[in-house]
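Step one of this worksheet: look at the structure below.
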Amino acid sequence: MSRAEACLQYYRYPDPLTVADFYKPEFKANCWCRDCVARHEEEHKIKDWLFDSLRPELLRFYDWCIAHTIQIDCNRSESIHCRSALSKIERTSYTEEWTRRIDAAVSSFGQQAEADAESEEKRCYEEIIDALKAKCFGQ
């Protein structure tokens, strides 16, 4: 990219850049960046799904499991083997609770963290702006 091209692109970006700029038609027409949008969506995937949705439900399931202890009776050989320590009814109960927790995580996905995703996208555009500025002004 030539210095002139860098300057042309640099001046198409608002200064300073705000998240509100992303939603203006002139920004979308001139400054859309697939990688920055991808970083926005990746932030959703990581933050919303893994941290805000799945992790709390896994912790709740862990607490539920701790509260439902397995009864071991050394006089009953089936209670001290992994395959038979839980009865079929108990296994079903654990499976149902696990399913409820995963369903809760799925239903909460996407309800949080838009600001974090927009912030990540903004950082990406700022990196582009900084690179264009450096090329334009010979820094």
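The values are calculated or read from the model by the stated rules, or taken from the named source; none is laboratory data. Computed from a prediction, not measured in an experiment: that's the story for all the values here. Note: ideal-geometry Cβ built from the backbone for every residue, glycine included; neighbour counts use all protein chains shown.
Observations on the structure shown:
- Helices (runs of 4 or more DSSP H) fully within region 1-68 that include at least 2 residues being in contact with an Asp or Glu (Cβ under 8 Å, 6 or more places away or on another chain) and at pLDDT 85 or above: 34-43, 55-67.
- Residue in region 69-91 that is more than 26 Å from K135 (Cβ to Cβ), modelled with pLDDT of 85 or more and in a loop (DSSP other than H, G, I, E, B) present: no
- For the residues L54, L58, L17, the requirement of being aliphatic (A, V, I, L, M), touching a helix residue (DSSP H, G or I) at 6+ places or on another chain (Cβ under 9 Å) and touching a residue at least 60 places away in the same chain (Cβ under 8 Å) singles out L17.
- Selection status of Q139, more than 30 Å from D21 (Cα to Cα), touching a helix residue (DSSP H, G or I) at 6+ places or on another chain (Cβ under 8 Å) and polar (S, T, N, Q): no
- Condition met for K88 (out of contact with any Gly (no Cβ under 8 Å at 6 or more places or on another chain), among the basic types (K, R) and within 30 Å of R3 (Cβ to Cβ)): no
- Within region 20-51, the set of residues being more than 30 Å from R101 (Cβ to Cβ) and touching a residue at least 40 places away in the same chain (Cβ under 8 Å) comprises F22, C31, C33, D35, C36, V37.
- Across region 1-39, the qualifying residues are those that are aromatic (F, W, Y) and more than 29 Å from the chain's Cα centre (by Cα), and the one among them that is surrounded by the most Cβ atoms within 10 Å (Cβ to Cβ) is Y10.
- Number of the exception - G138 against (1) in a helix (DSSP H, G or I); (2) within 30 Å of Y10 (Cα to Cα): (1)
- Which listed residue is over 27 Å from T18 (Cβ atoms), among the acidic types (D, E) and surrounded by 11 or more Cβ atoms within 10 Å (Cβ to Cβ), from E97, E42: E97
For (1) surrounded by fewer than 12 Cβ atoms within 10 Å (Cβ to Cβ); (2) over 19 Å from L17 (Cα atoms), each residue gets a yes or a no:
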{"residue": "L58", "(1), (2)": "no, yes"}
{"residue": "N75", "(1), (2)": "yes, yes"}
{"residue": "S93", "(1), (2)": "no, yes"}
{"residue": "A105", "(1), (2)": "no, yes"}
{"residue": "A115", "(1), (2)": "yes, no"}
{"residue": "K135", "(1), (2)": "no, no"}
